[in-house]
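The next block holds one structure in the form of structure tokens; read it before the comments.
The values are calculated or read from the model by the stated rules, or taken from the named source; none is laboratory data. None of the values given here were measured: they were computed from a predicted structure. Note that we place each Cβ from the backbone using ideal geometry, even for glycine, and neighbour counts take in every protein chain shown. Quick note on the areas: whole protein, heavy atoms, side chains included, nothing else; ligands and nucleic acids left out. Shrake-Rupley method; radii C 1.70, N 1.55, O 1.52, S 1.80 Å.
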Amino acid sequence: MNIIIVGQGKLGVTLTSQLASEGHDIVAVDINSSKVTRVVDTYDVMGICGNCVNIEVLEEAGAKRADLIIACTSSDEMNILCCMFASKLGTKQTVARVRNPDYLSQLNFLREKIGISLVVNPEYEVANEIARIIRFPSVAHVDAFAGGKLELARIVIHENNPLCEMAVVDIRKKYKQKVLICAVQRGNEVTIPSGDYVLKANDSINLTGTRSEITAFLRAIGVYKQKINNVMIVGGGRIGLYLSKLLSQTGRNITVIETDENRCRYLSEVLDDVSVICGDGTDQDVLDEQNIENQDALIALTGIDEENIIVSMYAYSKNLKKVITKVDRHSYSIITDIGLETVISPQIVASSLVTRYVRALQNSEDSSQINALYKLVGGRVEALEFTVPSGIKYENVPFRDLKIHSDLLVVAIIRKGKIIFPGGDDYMLSGDTVIVVTSGRTLGNLNDIFY
């Protein structure tokens with residue numbers, strides 16, 4: 001596909017890297033020449049320096065023949081205008097990053113009346129992701145498939161965990177719960193495990209199952225944590241605002257600490273039943289004054305990664321049930337090496353949404369389009385949800401007779417509400433929902449799992 005990516009900030013660079021690696025023809029546009037030069041040299045893409053709402057710049061970038069334009073500059077208004085102009089010039093599909101909370105209620109208008117194909121709000125998506133984790137504090141991360149029928153959760157195996165030195169095949173035999181380990185990170189190595197794979201201390205494992213089965217499994221291995229009621233949020237920016245609204249609606253006690261006085265006044269006006277404290281949330285004295293030791297969870301959402309990491313490490317020392325860290329400059333291996341289990345990156349969350357949309361466009365003639373796509377282990381593993389189309393050659397063929405790539409795993413089939421963890425005798429039928437986890441392979445549709 002011919003794709004124009006406007007704005008080469010953190011999200012723009014992440015998308016340029018991801019989509020270029022998938023073989024798309026990318027034109028990177030930014031008003032800053034040094035950013036364009038760096039992206040062109042690093043990712044071997046075309047680059048243009050200029051204003052994205054300048055018609056001549058869009059024409060030079062190839063808007064008349066482009067399949068897609070993704071506008072992710074720092075200005076919502078410029079992103080909207082850029083998409084409108086590109087559409088008029090002939091670009092087939094448009095994606096705009098729109099972050100201002102004032103536009104949140106107008107997303108349908110932007111899509112239906114303005115004609116923007118996809119509106120992405122990374123901060124709102126991150127807030128929803130954090131809210132899901134808060135509802136399931138026993139895991140480091142959780143994603144939902146098939147309308148919530150199946151969940152994919154990540155936990156870290158500490159030294160005293162009974163799973164240490166246990167082979168994957170023996171886990172279900174011992175604990176009886178219907179969960180499946182589908183990916184393991186050990187240091188910098190990521191593995192789709194076979195049955196004889198032996199888990200070690202400090203492994204990070206991704207497992208699938210229903211919420212009730214995963215909960216029962218976590219209870220059985222002794223890592224289940226009770227419900228979170230008291231939440232401290234350090235940083236009252238966009239994510240902090242969205243998240244406070246989401247969590248306060250569930251009856252939890254929310255405290256937001258923000259340094260900017262004007263922002264505190266605004267948050268106090270728009271947030272009901274939320275305690276807003278004006279102070280430096282990275283200051284140990286401020287955290288102690290606000291009784292951090294009595295909190296169930298701390299969420300570090302400042303605009304500075306280093307501050308979020310330091311606050312999170314202090315919260316870990318207080319043995320809180322859950323600590324969540326927002327990191328923009330995402331180096332997954334470094335973060336996990338220092339012991340932070342739950343790390344959220346707005347760039348990875350947003351890039352997952354856009355990547356899913358791009359692959360759906362690319363395979364628009366195939367009815368087994370991607371229903372959901374999540375990036376795991378810092379983007380090195382993907383979990384995808386497909387619907388099996390009718391009339392395909394692999395329908396009703398046992399898995400033992402199918403030639404499936406070795407670097408992926410069909411982790412579950414959902415058929416009429418029933419979850420199947422497939423073995424050699426199982427098969428796929430039209431209308432089934434199929435969940436696939438892969439490392440190092442780009443999947444656009446179900447046919448891509450075969451060789």
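What to note about this one:
- Annotation: of all residues in the range 66-80 being among the hydrophobic types (A, V, I, L, M, F, W, C) and buried (at least 22 other Cβ atoms within 10 Å of the Cβ), the one that is farthest from V6 (Cα to Cα) is A66.
- Within the range 160-209, strands (runs of 3 or more DSSP E) holding 2 or more residues that are open to solvent by 10 Å² or more (accessible area, probe 1.4 Å): 180-186, 189-191
- Within the range 423-437, not a single residue is in contact with a strand residue (DSSP E or B) (Cβ under 6 Å, 6 or more places away or on another chain) and modelled with pLDDT under 90.
- Any chance A63 is at pLDDT 95 or above, in contact with a Ser or Thr (Cβ under 8 Å, 6 or more places away or on another chain), farther than 24 Å from G379 by Cβ and open to solvent by less than 20 Å² (accessible area, probe 1.4 Å): yes
- Residue within the range 225-239 that is more than 24 Å from M313 (Cβ to Cβ) and free of Cβ contacts under 8 Å to residues at least 60 places away in the same chain present: no
- V231 vs. criteria of a type in the set (V, I, T), outside any helix (DSSP H, G or I), touching a Lys or Arg at 6+ places or on another chain (Cβ under 6 Å) and surrounded by 15 or more Cβ atoms within 10 Å (Cβ to Cβ): yes
- Boolean, L353 is modelled with pLDDT of 85 or more and assigned to a strand (DSSP E or B): no
- Evaluating C83 against the criteria (1) surrounded by 17 or more Cβ atoms within 10 Å (Cβ to Cβ); (2) out of contact with any strand residue (DSSP E or B) (no Cβ under 9 Å at 6 or more places or on another chain) leaves one unmet condition, (2).
- Scanning the range 121-141 turns up at least one residue that is closer than 30 Å to V323 by Cα, small (G, A, S) and either part of a helix (DSSP H, G or I) or without any contact (Cβ under 8 Å) to a residue 24 or more places away in the chain (or both).
- Selection count, the range 283-312, where residues are without any contact (Cβ under 8 Å) to a residue 60 or more places away in the chain, part of a loop (DSSP other than H, G, I, E, B) and charged (D, E, K, R): 1
- Filter result for V53 (in a helix (DSSP H, G or I) and over 29 Å from E382 (Cβ atoms)): no
- Those residues of the range 256-275 which are exposed (fewer than 14 other Cβ atoms within 10 Å of the Cβ) and closer than 16 Å to E307 by Cα, in sequence order: D260
- Restricting attention to the range 376-434 and to residues that are assigned to a strand (DSSP E or B) and without any contact (Cβ under 8 Å) to a residue 12 or more places away in the chain, the residue that is most open to solvent (accessible area, probe 1.4 Å) turns out to be K418.
- Test result for I5, open to solvent by less than 10 Å² (accessible area, probe 1.4 Å) and either over 27 Å from S439 (Cα atoms) or part of a strand (DSSP E or B) (or both): yes
- Residue within the range 191-199 that is modelled with pLDDT of 95 or more and in contact with a Leu (Cβ under 6 Å, 6 or more places away or on another chain) present: yes
- First in the range 1-30 and closer than 21 Å to D328 by Cα and of a type in the set (S, T, N, Q), second anywhere and open to solvent by 10 Å² or more (accessible area, probe 1.4 Å) and not in a strand (DSSP E or B), Cβ under 6 Å, 6 or more apart: Q8/K35; T14/Q347; T16/Y43; S17/Y43
Condition check ((1) of a type in the set (A, V, I, L, M, F, W, C); (2) open to solvent by 20 Å² or more (accessible area, probe 1.4 Å); (3) at pLDDT 95 or above) across all residues:
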| residue | (1), (2), (3) |
| --- | --- |
| T14 | no, yes, no |
| S17 | no, yes, no |
| V29 | yes, no, yes |
| N32 | no, yes, yes |
| V36 | yes, no, yes |
| I55 | yes, yes, yes |
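- Number of the exception - N363 against (1) at pLDDT 85 or above; (2) within 30 Å of V98 (Cβ to Cβ): (1)
Residues are listed down the side, and each one gets a yes or a no for (1) touching a residue at least 12 places away in the same chain (Cβ under 8 Å); (2) assigned to a loop (DSSP other than H, G, I, E, B); (3) open to solvent by less than 20 Å² (accessible area, probe 1.4 Å); (4) within 30 Å of I171 (Cα to Cα):
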| residue | (1), (2), (3), (4) |
| --- | --- |
| F217 | yes, no, yes, yes |
| L241 | yes, no, yes, no |
| L247 | yes, no, yes, no |
| I277 | yes, no, no, no |
